[in-house]
Amino acid sequence: MPLAALLLAAASTAIFWTADGVLSLVIARAVQGVATGTAISGLAAGLVNFSPARHPQQGPP
């Protein structure tokens, strides 16, 4: 997941650099949003998978 997010972010940066109109900017922003969503979901999955077992969940059951 993190590698996919990094590649998508690089692709959106390339689209931003070569943008010559509003449509290119909208596409670049959409790709950037997907990259950010992928990175955040990958981070959340990593935090869930690597939470310490000896510490019980805090909060309501």
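For this structure, a couple of remarks:
- Computed packing ranks the peptides 1-10, 27-36, 14-23 as 27-36, 1-10, 14-23, most packed first, by mean other Cβ atoms within 10 Å.
- Spacing of the two label points (7 Å from each Cα toward its C-beta) at A45 and S24, in nm: 3.3
- Coupling constants for region 27-37 follow from the phi torsions by the Karplus curve (6.51 cos²θ - 1.76 cosθ + 1.60, θ = phi - 60°), and in residue order they are 5, 4, 5, 5, 5, 5, x, 5, 4, 5, x Hz; glycine and proline get x.
Values in this text are rule-based calculations from the coordinates and carry no lab data. The structure presented is a predicted model; accordingly, all values stated were derived computationally and were not measured. Every residue, glycine as well, gets a Cβ built from its backbone with ideal geometry; the counts of neighbours run over all protein chains shown.
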